[in-house]
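Values quoted throughout were computed directly from the atomic coordinates according to the rules given, and no laboratory measurement underlies them. Since the model is a prediction, treat every value here as computed from it, not as a measurement. Cβ placement follows ideal geometry from the backbone for every residue including glycine, while neighbour counts extend to all protein chains displayed.
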């Protein structure tokens, strides 16, 4: 019940395309869903986050879609750029800790 | 934005050495800090939750006598890997938050290599 499932494991997108990463959770007590971006040798950086009372949140080229009834949420990166190439982690937060997804390695080719 | 500083960024040392890693929240007070371990191409694994002024809460399977955590102030938590061995080699990352349900901000990690 504490797991967060993330897919795909890796994703290759052409420059300008849309990157979509999906996550699913079981525990309905989770109340905060952030996405993190991690470059090699660096710590994760908070990208965008959503709470379950909202179905969508957009910040620049990054959008989170949230489906509370299905217990799923996804990250959409519009107009993907080579600089977006990184590993992306979804996460879900309960009262005391973050549970991370398994990660998606995104490669954006020119 | 919230900044978390982690030091050192890289440590190489001999087997049997104890290594201390510092995690500081630079522009906010963090009542709770978290320590993670990350193996290559894997996700972050929570090791322990560090609470200011009290004992850390360790996740199942993490040896508390091996990984000593101290959170003496609202801006500093330390992780000491005692008598480190090659299997302790990993990427250790700390994070800090401003409360329950608030964003966690991560340090840039410490690459620990035990020879």
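Descriptive notes on the structure:
- Of the residues B:36, B:58, the one with the fewest other Cβ atoms within 10 Å heads the list, and the complete ranking is B:58, B:36.
- Taken along the Cα-to-beta-carbon direction at a fixed 7 Å, the label points for residue A:27 and residue B:7 span 3.4 nm.
- Residue mean of other protein chain beta carbons inside 10 Å, B:90-99: 2
- Gaussian network model of chain B, Cα within-10 Å springs - most flexible of B:89, B:50, B:25: B:89
- Relative contact order of chain A, defined on C-alpha pairs under 8 angstrom at six or more residues apart (%): 38 percent
- Mean separation of Cα contacts under 8 Å (6+ apart) over length of chain B, as relative contact order %: 37 percent
- Among A:76, B:7, a tally of other beta-carbon atoms within 10 Å of each Cβ gives an order, fewest to most, of B:7, A:76.
- Sorted largest first, the spans of the alpha carbon positions of chain A along the three principal axes are 41, 28, 20 Å.
- Placing R0 at 30 angstrom, the Cβ-Cβ distance between residue B:54 and residue A:79 gives a FRET efficiency of 0.05 after rounding to 0.05.
- Interatomic Cα distance distribution for the stretch B:1-83, bins of 10 angstrom, percent: 17, 48, 31, 3
- Stokes-Einstein D for the protein assembly as shown, Kirkwood Rh over Cα pairs, 10 °C, 1.306 mPa s (µm²/s): 88 µm²/s
- Residue order for A:62, B:67, B:39, fewest other beta carbons within 10 angstrom first, comes to B:39, A:62, B:67.
- Reducing the stretch A:59-110 and the stretch B:36-59 to their Cα centroids gives an inter-centroid distance of 22 Å.
- 10 Å Cβ neighbours from other chains, averaged over peptide B:105-112: 3
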